């Protein structure tokens, strides 16, 4: 796949547009102090990451990380990309206030900035800006880069069409992460692709492998992969994707988690398979 195709995929991911996912991410008061005993994980970004950051707190507690705390600076759609957050004075101020405490252990950002798309998936200055500031405030902070899924899933004829070219975009995201790591050699930089869960679930749904859990591609949260045309995550996608986040942040293997009784399919195995596939790239 050529660079043009990769840019197209990134543009589709960036198109997590303002419609359908805008909520005011600026009303929450920023704490001056955070609990020094907590493992404070700050997610900054749009709705295709927020629900997993929220769910991660419960998952971490279930995995005996009882001191995990999820903190979120949210902005809907493209306004939640790193460059938009950096350029927005109020969001930047809020994020810096968290980092100024020196108690943020993990900072997670999500794809994709306009710069990343327009320069052929080569760089994202905002990610470097946030990382520089974060490391100055806490030299031991970890930096995570999350890759979401393409929106408007119903516009794709099938799972194969929906998934097409996404590996190219994630490979570019991994290269970006590698470059960041090189520029910050003493900082733990990691990346993960929770969006891959959506592609896997859709493939399984179309193959009839989720018939006891998923009634339709888009619909009610409890019985669908997506809840709306935009592509927000249904419950099975949230539960499975949160396992990817748990692995990324705390190193917990999905199969080490208890069985999820609410699902007939073993979502731990789905997450395990997604992680294994990514490890082969």
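The residue that is modelled with the lowest pLDDT, counting only those in the range 105-124 that are surrounded by fewer than 22 Cβ atoms within 10 Å (Cβ to Cβ) and within 18 Å of residue 192 (Cα to Cα), is 122. Of the residues making up the range 200-234, those that are surrounded by fewer than 20 Cβ atoms within 10 Å (Cβ to Cβ) and part of a strand (DSSP E or B) are 216, 217, 218.
With touching a residue at least 60 places away in the same chain (Cβ under 8 Å), in contact with a strand residue (DSSP E or B) (Cβ under 8 Å, 6 or more places away or on another chain) and not in a strand (DSSP E or B) as the only criterion, which of 154, 169 stands out?
Numbers: 169 fails: in contact with a strand residue (DSSP E or B) (Cβ under 8 Å, 6 or more places away or on another chain).
It is 154.
Among the residues of the range 109-122, are any closer than 26 Å to residue 186 by Cα and in a helix (DSSP H, G or I)? Yes, some residue in the range 109-122 is closer than 26 Å to residue 186 by Cα and in a helix (DSSP H, G or I). Applying the condition of being in contact with a helix residue (DSSP H, G or I) (Cβ under 6 Å, 6 or more places away or on another chain) and without any contact (Cβ under 8 Å) to a residue 40 or more places away in the chain to the range 240-270 and asking which residue is surrounded by the most Cβ atoms within 10 Å (Cβ to Cβ) yields 267. Screening residue 214 against (1) within 27 Å of residue 261 (Cβ to Cβ); (2) in contact (Cβ under 8 Å) with a residue 40 or more places away in the chain leaves a single unmet condition, (2). In this structure, residue 53 does not satisfy being surrounded by 14 or more Cβ atoms within 10 Å (Cβ to Cβ), within 27 Å of residue 125 (Cβ to Cβ), under 20 Å from the mean Cα position of the chain (by Cα) and at pLDDT below 95.
Every test in (1) surrounded by fewer than 23 Cβ atoms within 10 Å (Cβ to Cβ); (2) under 25 Å from residue 40 (Cα atoms); (3) touching a residue at least 12 places away in the same chain (Cβ under 8 Å) is passed by residue 237 save one, and that test is (1). The condition of being surrounded by 18 or more Cβ atoms within 10 Å (Cβ to Cβ), touching a residue at least 24 places away in the same chain (Cβ under 8 Å) and farther than 30 Å from residue 119 by Cβ holds for only one of 43, 59, that being 59. Residue count for the range 62-95, restricted to those that are in a helix (DSSP H, G or I) and either touching a residue at least 60 places away in the same chain (Cβ under 8 Å) or surrounded by fewer than 16 Cβ atoms within 10 Å (Cβ to Cβ) (or both): 11. Contact map, the range 179-199: first residue part of a loop (DSSP other than H, G, I, E, B), second residue modelled with pLDDT under 95, Cβ cut-off under 7 Å, separation 6 or more or different chains; pairs are 193/170; 193/278.
The values are calculated or read from the model by the stated rules, or taken from the named source; none is laboratory data. Keep in mind it's a predicted model, so treat the numbers as computed, not measured. So basically every Cβ, Gly included, is an ideal-geometry build from the backbone, and we count neighbours across all protein chains shown.
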